[in-house]
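Asker: Handing you a structure now.
Quick note: the coordinates plus some simple rules give every number you see, no bench work behind them. Since the structure is predicted, the reported quantities are computational estimates derived from the model, not experimental observations. Glycine gets a Cβ as well: all are built from the backbone with ideal geometry, and neighbour counts include every protein chain shown.
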Amino acid sequence: MNCIIILLIYVLGAVATLASNSKNAAKTALVTSLINAVIALILTGEYLNGNDVSFTQQWISNPNISLSFVVDGLSLTMLLLTTLLLPIIILASFNTLYSKANQLYSLVLFMAFAMAGTFLAQDGLVYYIFWELALLPIFFIGLLWGSDEWKIRKRVMVTFFMYTFAGSLFMLAAFAYLYTLTGSFAWSDLSKVVLSTKEANYIFLAFFLAYGIKIPVFPLHTWQANTYEKSPTIGTMLLSGIMLKMGIYSILRWQMPIAGNVSENILKTVIVLCIVGIIYASLIALRSNNLKRLLAYSSMAHVGLVAAGAYVGNSTGYQGSIIQMVAHGFVVVGLFYLADIIYKRYDTYEIKEMGGIRSQAPKFTTFFLIIMFASIGLPGTFGFIGEFTLLFALSEKELLYAVFAGTSIILGAYYMLKMFQNAVLGSTENKVFAEVTTKEYFVLAVICVVLIGLGIYPKLLTDLFIQ
Amino acid sequence: MSTTILLLTLIFPLVGTLINGFWGKHLSKKVSGTIATMAIAASFVTSCLFFAYIQGSQEPVKIVLFEWMKFNYFSIDFGFYFDQLAALWLLFITGIGTLIHLYSTSYMSHDENFSKFFTYLNFFVFFMLILVTGSNLAMMFIGWEGVGLCSYLLIGFWYKNQDYNNAAKKAFIMNRIGDLGFLVGIFVTGYLFHTLDFIELKEQSFLAPTLGIATMAFFIAATGKSAQLPLYTWLPDAMAGPTPVSALIHAATMVTAGIFMITRLNFLFDLTPDVQHIIAIIGAATALMAATIALVQNDIKKVLAYSTVSQLGLMFLALGLGAYEVAVFHVITHAFFKACLFLGSGSVIHAIGGEQDMRHMGGLKKHMKITYATFFIATIAISGFPPLSGFFSKDEILLTAFHHNIVLWVVASLASILTAFYMFRLLFLTFSNKFRGTEEQEHHLHESPSAMTMPLIILAVLAAVGGLISIPGNSWLNEFLKPVIKNNAASHPHVLGTTEYMLMGLAVVGALVGLMVAYFKYIKNKQVPVNDNNVSGLQKLFANKYYLDDIYQSLIVHPLNFFGSFFKNQIDGLINGIVLSFGRVPSELSYQGKKAQNGNIGLYLFAFVIGVCGLLYYLFMCY
């Protein structure tokens, strides 16, 4: 088995979905994503058995570019995240009837293709192409299927597109410069390049513009809440669950190995920015009235911690950020799904207009509690393993970093419990909230099982990247 | 000792949780309540087996299930450590837990979410058992946060009332402040000693410069969970939960977790005497402060809540003085009498249809003989009259304080005298004189059913005789705990000399004074506390809890909200404006540039001439 099969199946699936009628599109997409989930698991088994599942093919000789897709612990974990989360995201979207569903789901699969390619590519330029390719489908998904007036939506989506695209151009420039030094785009060559501190500084900052916007790191975040709010739920899930991890993955894969000898001051500044972002976003989440915006800022706070851990650059930070990428992926998809379920019943994202859910839907409430506490990082959930490792990594660098970043466990509890109290608890006058359907139950149960299972026995996953 | 039996101690409550959680709705209340109670009772049986084992062999048992987390220089096991300290906690968690479960089957019998209540209650016991049996700091932290979760769920059990939800939220968040301390402590410890395992820590720990940060951080964690200054304000609010919850979680077990943790880490705290001083001072200050607030409370559960804070303060005082076994002793006796008091107050509240204000009680002695008798015993126990349990444990604390620092002794003694006063105030207002409620309430007054009175009787007996486990001069407890506490020299068993007997006598006289004052005020003069608005002076300060809640509101909560709004409404817009301006600059430039190209030949010529002049100027001047 070879990892390129996954990419091919996504493309084939995208074509098949586009060709199918609107009714069957979602099912075709689901089947495709499930096939790939199984293949990813088989690949994992083969990888653990020591088989080589990589793929390399010369593409262009001058400049020297090759189609090289390599599987190691890091990329395999990201591949698993993508392929396992995708069926959940697609199944979660069955709640909504989208117009032109064949186009939508085709774009979704195409996006998965691009993201998987980003995680696998070991050639800088190919990686860059996939990176940018992933932006196109989500742009159209948001633009065509999003909420609110066309004019506002268009402005939000174009801002998002231009902003992230502009940031990525700096990364391209960095790759071009590195090519002049090494004559290669291959990761194996680039990671060995010896840069002067000055060179490393520029390369580091160029990468940072690309990744900092994508993740997003304070103060490069302003596109995020608007985009999350206006996108359809499936788009928000793709963005927050998988796509933003492309930024963190890239820190671990490209930025730190290549520009690791960046000056200590720049590194510290970036870590401090991440930590400032954690507190900043938490406080905004505290004052958010719109559930989707609250979750957007909450997500920003969490990935701020992941990014900080990734920039610490030691082995604890490395493994912590990988763990938390997976944990956050499942948590955030779960949270947006819960918000979507509420929206389907109450027709609002305004927290003030909710309430009285618990007395009517105890199962929904239990799922809400589990996913919420996983988000807060309660021990016994996978979220805890991630946050614990990340905060520990920060404390190894500087104890005060851990203390300030650690305030997120207090503030996180504050805004989440406040939201829970207003959205779910309390009594209701005459609003009807139906209990979860079988399909919803299934999706939420899978997410909860993953979060608790890995929280108790994280080695199931962490053995992939911790020796 | 078979590891299966030990693990069963933990598994029983978990199974109870799962059964009631998944199928509770389909079970009758009777079945649901029985399953939950039996689950804890079964744990109690295995705990007893373990206790018998460890009392004989003195060999602790360590069980490692698997490797939980791994870092490049150490790993964390998913493991359990059953030793003497754990044995004590196991016994009273599951023992008192069983009684309170039994009590709840009757107390909660009219509640629509009956099975959910028992799900949470079983779940709580499960986490509490993890907390005390975890083999390392991270395992303890699972239990530590897990009990916090259950506490949150149970305080807000009646979720339709948003005030209760506020109390639940407050409890969780204030505990989380402490939990951050716990994490920082873990990080420093792990970084210093490359292990979090208790056995290895005990062997390998040494005095490092940053160790004080770790122990201080652990103490901050303890102030959250065990409701000490400055983080205690959540506990009185937590009385919003059903009364059995207050008895189990917020009096007998969970709030003692901080004391357990510090005792578990005694070898680290012994290395940092500065932190120990802080603990002693905070403990004494909390004991006195909470006692003064309890003087003016009129809600029967609030009095008991502040009393709990005050008693916990005394335990921390003992911890700070290095007398760990004394603190543990008071934990145990306190668990007996405070659980009895809380369940007794629940019995009272049950009888008068949910009324908690003592001004509307009185004269219940006639109607509730068993409740009164047990409440009376528990009251003299907590007030420190010999030979009941509270006398022995409190006296040990006072003696220790006396030998270390006279000021601490005075403060602690004062707190004890106040304890006697407010407890008898409570007793008299509730049970003596005439009933002050409505006629309808009076008509319904009744003794509680046996499922509720039985636990009361058992707890009252324990509150009476519990002191026997550590009689001065011949303490079974001190001997039993010897392997746990590294530095036994710090806590010498007291030789009973003249001074000691005099101090004991003084303490008893003090308690008598408290009793007499309460007697004259509330029995002789039949006083009833006035409305909160009419109090003044010191009383007002006490009634308003030293304004601590208000201070937190204006110093922490308001600023957080202010900055949240400020960031949301001002800063985020500002940043976004800057980002968009990057897009606007080229667009504006091209728009202005477009204006120049208007087809006016004159303008073009003018620009051409200016350009040529500029060029010539440049060439001549610069070269």
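Asker: Stretch residue B:359-residue B:457 to full length: gain in nm at 0.36 nm per residue minus the Cα-Cα span?
Answerer: 32.7 nm
Asker: A further question on this structure: Just report the Cα centroid separation between region B:364-399 and region A:153-169, whole Å.
Answerer: What the calculation gives is 71 Å, centre to centre.
Asker: Give the Rg/Rh ratio for region A:265-467, taking Rg as the radius of gyration of the Cα atoms and Rh as the Kirkwood radius, to two decimals.
Answerer: For region A:265-467, the value is 1.00.
Asker: Here's something else I'd like to know. What average count of beta carbons from other chains do you get within 10 Å of the Cβ of residues in B:146-158?
Answerer: Whole-number average of other-chain Cβ neighbours for B:146-158 is 2.
Asker: Mark the label point 7 Å from the Cα of residue A:289 along Cα→Cβ and return the residues of region B:571-612 whose backbone N is within less than 20 Å of it.
Answerer: B:571-574
Asker: Next question, about the same structure. Can you give me the orientation-averaged projected area of the convex hull built on the Cα atoms of chain B, in nm²?
Answerer: 43.3 nm²
Asker: Also: Check cross-link reach from residue A:344 to the lysines: straight Cα distance under 19 Å, and skip same-chain residues fewer than eight apart.
Answerer: Output for residue A:344: A:230, A:292, A:352, A:363, A:431, A:439.
Asker: Here's a follow-up. Between Rg and the Kirkwood Rh of the protein assembly as shown, both from Cα atoms, what is the Rg to Rh ratio?
Answerer: Answer for the protein assembly as shown: 1.03.
Asker: Averaging sequence separations of C-alpha pairs under 8 Å and six or more residues apart, then dividing by the length of chain B, give the relative contact order as a whole percent.
Answerer: Numbers: 956 pairs, mean separation 71.3, N = 623.
After rounding, I find 11 percent.
Asker: Oh, and also: How many nm is it between the label spots at residue B:48 and residue B:565, if each spot is 7 Å from the Cα in line with the beta carbon?
Answerer: 6.0 nm
Asker: Further question on the same structure: If we count every other residue with Cβ under 15 angstrom of residue B:496's Cβ, Lys/Arg +1 and Asp/Glu -1, where does the sum land?
Answerer: Result for the neighbourhood of residue B:496: -3.
Asker: Tell me the label-point distance for the pair residue B:506, residue B:442, using the 7 Å Cα-to-Cβ offset, in nm and rounded to one decimal.
Answerer: Here the modelled spin labels are 4.7 nm apart.
Asker: For residue B:394, list the lysines whose Cα falls under 24 Å from its own Cα; do not include residues on the same chain fewer than 8 positions away.
Answerer: Within the straight-line cut-off, residue B:394 pairs with B:225, B:301, B:302, B:338, B:482, B:486.
Asker: While we're here: For residue B:544 and residue B:597 in the same chain, what is the full-extension length gain: residue separation times 0.36 nm, less their Cα-Cα distance, in nm?
Answerer: 11.5 nm
Asker: Shifting gears a bit: Can you sort B:202, A:151, A:418 from fewest to most other Cβ atoms within 10 Å of each residue's own Cβ?
Answerer: Listing B:202, A:151, A:418 from fewest to most nearby Cβ atoms yields A:151, B:202, A:418.
Asker: Right, another one. Order B:230-240, A:52-62, A:208-218, B:367-377 from most to least packed using the mean count of other Cβ atoms within 10 Å.
Answerer: A:208-218, B:230-240, B:367-377, A:52-62
Asker: Oh, and also: In nm², what is the average projected area of the convex hull enclosing the Cα atoms of region B:394-542? Before the final figure, lay out the partial values.
Answerer: On the way: hull surface 54.3 nm².
Mean orientational projected area (region B:394-542, Cα hull): 13.6 nm².
Asker: Given R₀ = 22 Å, FRET efficiency for residue A:188-residue A:11 by Cβ-Cβ distance, to 0.05?
Answerer: Calculated transfer efficiency: 0.25.
Asker: Could you work out how far the C-alpha centroid of region A:86-125 sits from that of region A:238-285, in angstrom?
Answerer: For region A:86-125 versus region A:238-285, the Cα centre distance is 24 Å.
Asker: Compute the acute angle (0 to 90°) between the alpha-carbon long axis of helix A:362-376 and the principal axis of greatest extent of the alpha-carbon atoms of chain A; round to the nearest 10°.
Answerer: 30 degrees
Asker: Here is a follow-up. Determine, for B:169, A:363, B:434, the number of other Cβ atoms within 10 Å of each Cβ, and report the residues in order from fewest to most.
Answerer: Listing B:169, A:363, B:434 from fewest to most nearby Cβ atoms yields B:434, A:363, B:169.
Asker: May I pose another question? In the P(r) worked out for region B:236-282, what percent of Cα pairs fall beyond 12 Å? All intermediate terms of the calculation are to be shown ahead of the outcome.
Answerer: Working: 750 of 1081 pairs.
Summing the P(r) of region B:236-282 above 12 Å gives 69 percent of all pairs.
Asker: Turning to a different aspect of this structure: Provide B:5, A:410, A:242 in ascending order of the number of other Cβ atoms located within 10 Å of each residue's Cβ, fewest first.
Answerer: Ranked by crowding around the Cβ, least crowded first: B:5, A:410, A:242.
Asker: Give me the distance in nm between label points sitting 7 Å out from Cα along the Cα-to-Cβ direction at residue A:59 and residue A:269, one decimal.
Answerer: About 3.4 nm separates the two model spin labels.
Asker: Stretched out fully, how many nm does the piece from residue B:4 to residue B:496 gain, at 0.36 nm a residue minus the Cα gap? Walk me through the intermediate numbers first.
Answerer: Working: separation 492, 0.36 × 492 = 177.12 nm, distance 4.44 nm.
Computed gain between residue B:4 and residue B:496 is 172.7 nm.
Asker: I've got another one for you. Using the Kirkwood formula over every pair of different C-alpha atoms, what hydrodynamic radius in Å results for region B:539-623?
Answerer: Value: 19.5 Å, from the Cα pair sum.
Asker: Additional query: Across the residues of B:66-75, average count of Cβ atoms on other protein chains within 10 Å? It would help to have the intermediate numbers written out before the result.
Answerer: Values: counts 3, 3, 6, 11, 8, 10, 7, 3, 0, 1.
Partner Cβ neighbours, averaged per residue: 5.
Asker: Any idea how far the Cα center of region A:367-430 sits from the one of region A:190-205, in Å?
Answerer: 36 Å
Asker: While we're on this one: Could you state the angle between the C-alpha long axis of helix B:406-431 and the longest principal axis of the C-alpha atoms of chain B, as a value from 0 to 90 degrees rounded to the nearest 10?
Answerer: 70 degrees
Asker: Please state, as a whole number in µm²/s, the translational diffusion coefficient that the Stokes-Einstein equation yields for chain A at 4 °C and 1.567 mPa s, with Rh defined as the Kirkwood radius across alpha carbon pairs. Let's see the in-between values first.
Answerer: On the way: Rh = 22.2 Å.
It diffuses with D of about 58 µm²/s by this estimate.
Asker: A further question on this structure: Given the rule -39500 (n - 2.57) for each run of at least 4 DSSP H residues, summed and divided by the residues of chain B, what is its mean residue ellipticity at 222 nm, to the nearest 500 deg cm²/dmol?
Answerer: -23500 deg cm²/dmol
Asker: Can you give the average number of partner chain beta-carbon atoms within 10 Å of each beta-carbon in peptide B:171-184, as a whole number?
Answerer: Mean shielding by partner chains, rounded to a whole number: 5.
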